[in-house]
Amino acid sequence: MTTIHRTHRPRQGTRSGLMWLLYLCDAGLLVASGLIHLHLWDIAYRHVKTLDVLFLVQVVLCLLAALALLVTRHLLVVLGAAALMAGTIVGFELARTVGIFGFRLTFSSGLADTVLVVEAAAVVLLAVTAWLQIARKRHI
């Protein structure tokens, strides 16, 4: 008598549900970062040369990335969004330390620290999303 052992694999619906949850969380973090930057631009950075435009560019890119992520769910969009969040963190750290485009941040508000946490969480979650997308493609 032969025994057949089957490996337990999650159903496709379960995987799809988890991926949609990740995409929604990723998009939510992107939107949160964009909206916080819009608020910071409005209250503090709209009159700072160069940074005023960069804050608005960051807002638009975050909103577009969130929308593109939900519409396409493509790996390149996930990686691009992660790069956007990582680049925003780098820009903030440069502004805090050596300065960026002739501007050095001498004071940091609690909201700036909050958006830093949002962006760090987004980088981690987007990395998990990308890893799971790659892993899914290898098993299909």
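Of all residues in region 90-114 being open to solvent by less than 40 Å² (accessible area, probe 1.4 Å) and assigned to a helix (DSSP H, G or I), which is nearest to LEU21 (Cα to Cα)?
The selected residue is ALA112.
Restricting the first residue to region 99-116 and requiring it to be closer than 15 Å to TRP41 by Cα, which pairs with a second residue that is part of a strand (DSSP E or B) meet a Cβ separation below 6 Å and a spacing of at least six or different chains?
Between residues of region 99-116 that are closer than 15 Å to TRP41 by Cα and residues that are part of a strand (DSSP E or B), there is no close pair.
Quick check: is even one residue across region 42-53 in contact with a Leu (Cβ under 8 Å, 6 or more places away or on another chain), touching a residue at least 12 places away in the same chain (Cβ under 8 Å) and open to solvent by less than 70 Å² (accessible area, probe 1.4 Å)?
In the first step, residues of region 42-53 are kept if they are in contact with a Leu (Cβ under 8 Å, 6 or more places away or on another chain); the result is 45.
Now narrow it down to the ones that are touching a residue at least 12 places away in the same chain (Cβ under 8 Å): none.
No, region 42-53 has no match at all.
Between a residue in region 66-78 that is at positive phi and any residue that is of a type in the set (Ser, Thr, Tyr), which pairs come within a Cβ distance under 7 Å, given they are 6 or more apart or on different chains?
Short answer, once both residue conditions are applied: ARG73/TYR23.
Residue by residue through region 117-140, note down the ones that are under 27 Å from ILE36 (Cα atoms), without any contact (Cβ under 8 Å) to a residue 60 or more places away in the chain and open to solvent by 10 Å² or more (accessible area, probe 1.4 Å). Outline the logic, then answer.
Just the residues of region 117-140 that are under 27 Å from ILE36 (Cα atoms), to begin with: 117-130.
Filter once more, keeping what is without any contact (Cβ under 8 Å) to a residue 60 or more places away in the chain: 117, 120, 123-124, 127, 130.
Hits for region 117-140 are VAL117, ALA120, VAL123, VAL124, ALA127.
For TRP20, work out the one condition from (1) over 18 Å from GLU119 (Cβ atoms); (2) among the aromatic types (Phe, Trp, Tyr); (3) modelled with pLDDT under 95 it doesn't fulfil.
The failed condition is (3).
The values are calculated or read from the model by the stated rules, or taken from the named source; none is laboratory data. The structure presented is a predicted model; accordingly, all values stated were derived computationally and were not measured. Cβ atoms come from the backbone with ideal geometry, glycine included; neighbour counts cover every protein chain shown. The accessibility values were calculated without ligands, DNA or RNA, using every heavy atom of the protein model including side chains. Shrake-Rupley method; radii C 1.70, N 1.55, O 1.52, S 1.80 Å.
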